[in-house]
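Have a look at the structure below before the remarks.
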Amino acid sequence: MKIAVLGGTFDPIHNGHLFLAEEVLSLGYRRVIFVPSFKPAHKEVGAKDDPALRLEMTRLACAGREEFIVEDCEIARAGTSYTIQTIDYLREKYDFGEKPGLVIGDDLVAGFGFWKKAGVLKKAVKLIIAHRLSAENFPFEGDHIYVENSILPLSSSEIRQRIAGGKAYRYLVPEAVYGFIRSRGLYLD
């Protein structure tokens with residue numbers, strides 16, 4: 001079965017993430033595994049970050065979609081999240097049948113060589129590169145495909161800023177996530 005892995009902080013998960021997962025399904029993948037990170041290796045998280053809340057929001061966003069699986073392996077493992085460890089774990093747990101797809105944004109292509117065990121990771125997965133910065137395809141050596149997705153001007157950091165500033169954000173996140181954020185008072189300063 002063709003399975004793709006979509007990792008991230010998902011702080012919060014938003015409709016752009018779900019749209020991208022739908023695009024990946026249109027490439028012939030049967031499942032997309034969402035993997036919220038505990039502590040990303042190449043990104044800072046806020047002092048108030050709570051991985052358990054990000055995991056719950058991801059579960060709420062994916063509820064009712066059998067094509068979407070939420071995996072808590074990085075949060076359960078704790079510590080810094082490295083993609084190669086996650087791929088090794090998922091290969092043991094799921095029957096990929098072939099190389100899993102690994103979804104990344106084109107903003108990460110240039111720095112991919114600096115990821116932990118980048119050479120091993122490049123051989124272990126087929127990169128599925130989504131457009132975030134540009135509609136053009138950046139060169140990448142290794143097994144990869146570009147998603148022909150629309151660039152959505154949407155980011156988790158912008159949503160957090162909108163919430164903190166009292167601005168509208170309801171239709172940028174799934175309805176269940178919106179309700180969860182409001183009920184918990186998340187992202188308010």
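For region 83-92, backbone phi angles converted through the Karplus equation (6.51, -1.76, 1.60; θ = phi - 60°) give residue-by-residue couplings of 4, 4, 5, 5, 4, 4, 5, 5, 4, 6 Hz, Gly and Pro being listed as x.
Normalised by the number of residues in region 3-152, the mean separation of alpha-carbon contacts (under 8 Å, six or more apart) gives a relative contact order of 23 percent. Between amide H atoms placed 1.01 Å from N, distances below 5 Å from residue 173 occur with 15, all of them 5 or more places distant or on a separate chain.
Considering only lysines 8 or more places apart in sequence, or on different chains, count the pairs in region 73-127 whose C-alpha atoms sit under 17 Å apart. Taking the Cα cut-off of 17 Å, the pair count is 6.
In plain terms, the bigger the Kirkwood radius, the slower the diffusion; for the chain, with that radius from Cα pairs, at 25 °C and 0.890 mPa s, Stokes-Einstein puts D at 144 µm²/s.
Among the GluC sites (Glu not before Pro) in region 67-144, those located in a DSSP loop and surrounded by at most 16 other Cβ atoms within 10 Å of their own Cβ are 67, 98, 136, 141.
Remark on residue 133: its backbone amide H falls under 5 Å from those of 106, 107, a criterion applied only to residues 5 or more positions apart or on other chains, H modelled at 1.01 Å from N. What shape does region 91-189 have by the C-alpha gyration tensor, where a ≥ b ≥ c are the square roots of the eigenvalues, rounded means a/c under 1.5, and otherwise prolate means a/b greater than b/c and oblate the rest? Here region 91-189 falls in the prolate category. Each peptide in 166-178, 77-89 receives the mean, over its residues, of other Cβ atoms within 10 Å, and ordering these scores from highest gives 77-89, 166-178. Extending 7 Å from Cα along the Cβ direction at residue 95 and again at residue 157 yields two label points whose distance is 4.2 nm. Of the peptides 48-55, 148-155, 8-15, 99-106, the order by per-residue mean of other Cβ atoms within 10 Å, starting with the highest, comes out as 8-15, 99-106, 48-55, 148-155. Between 0 and 90 degrees, the angle of helix 15-25 with respect to the longest Cα principal axis of the chain falls at about 30 degrees.
Derived scalar couplings between HN and Hα for region 153-170 equal x, 9, 9, 4, 5, 5, 5, 4, 5, 4, 4, 4, x, x, 9, 5, 8, 3 Hz in order, rounded to whole Hz, by the Karplus curve 6.51 cos²θ - 1.76 cosθ + 1.60 (θ = phi - 60°), x for Gly and Pro. Annotation for region 1-63: GluC sites (Glu not before Pro) lying in DSSP loop with at most 13 further Cβ atoms inside 10 Å of their Cβ are 44. For residue 2, a cut-off of 12 angstrom between C-alpha atoms picks up these aspartates and glutamates, skipping any fewer than 8 places away in its own chain: 67, 95, 98.
Each reported figure results from applying straightforward, stated rules to the coordinates on display, with no laboratory input. Worth saying up front: this structure is predicted, and the values here are computed from it rather than measured. Neighbour counts run over all protein chains shown; Cβ positions are idealised from the backbone, glycine included.
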